[in-house]
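Participant: This structure is in structure tokens; I'll ask about it shortly.
Any read-out appearing in this document is the output of simple, stated calculations on the displayed coordinates, not a laboratory observation. Given the structure is predicted, the values throughout are model-derived calculations rather than measurements. Every residue, glycine among them, receives a Cβ derived from its backbone with ideal geometry; neighbour counts consider all protein chains shown.
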Amino acid sequence: MKESRNRDHEMTSPTAPPVSEESRFYRIGEVSKLTALKPFVLRYWETEFPMLEPVKSPSGHRLYRQQDVDLVLKIKRLLYDEGFTIAGARRFLRESANGEPAEATTNEPTGGSASTTHLSRKVLLDLRDSLRSFLTLLERK
């Protein structure tokens, strides 16, 4: 009897549409595994990057949308791979967010200058590291 009531309840309840990847929510532990970052790092970045603001569930749990996960990965790349400081990454993200509508309305291609800037920054960071190591070698002699 209970089984039939459960089945009846399941059949009469409104069926939810399949969850798309865009509307899926991730808990902080899932985001931590996806991004290979500790949860305390994610919580700290929420305080440093105002644009990173996961939704809070009624019970207070952080729920990250796909766009939040993408932003976390972008922040991680800026900080760990490209050598930005937190303030520099925050400024870069703020400027790129403000600049996107203006770039989208122009007819000029945007790919060339942005990749050149990233390449130049990477080359300069590598050059700085090389010069520091040479300086260390010279100071030893």
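Participant: Give the distance, in whole Å, between the Cα centre of the stretch 84-99 and the Cα centre of the stretch 30-72.
Facilitator: Between the Cα centres of the stretch 84-99 and the stretch 30-72 lies a distance of 18 Å.
Participant: Could you sort 131-140, 76-85 so that the peptide with the highest average Cβ count within 10 Å comes first and the rest follow in order?
Facilitator: Descending packing order for the listed peptides: 76-85, 131-140.
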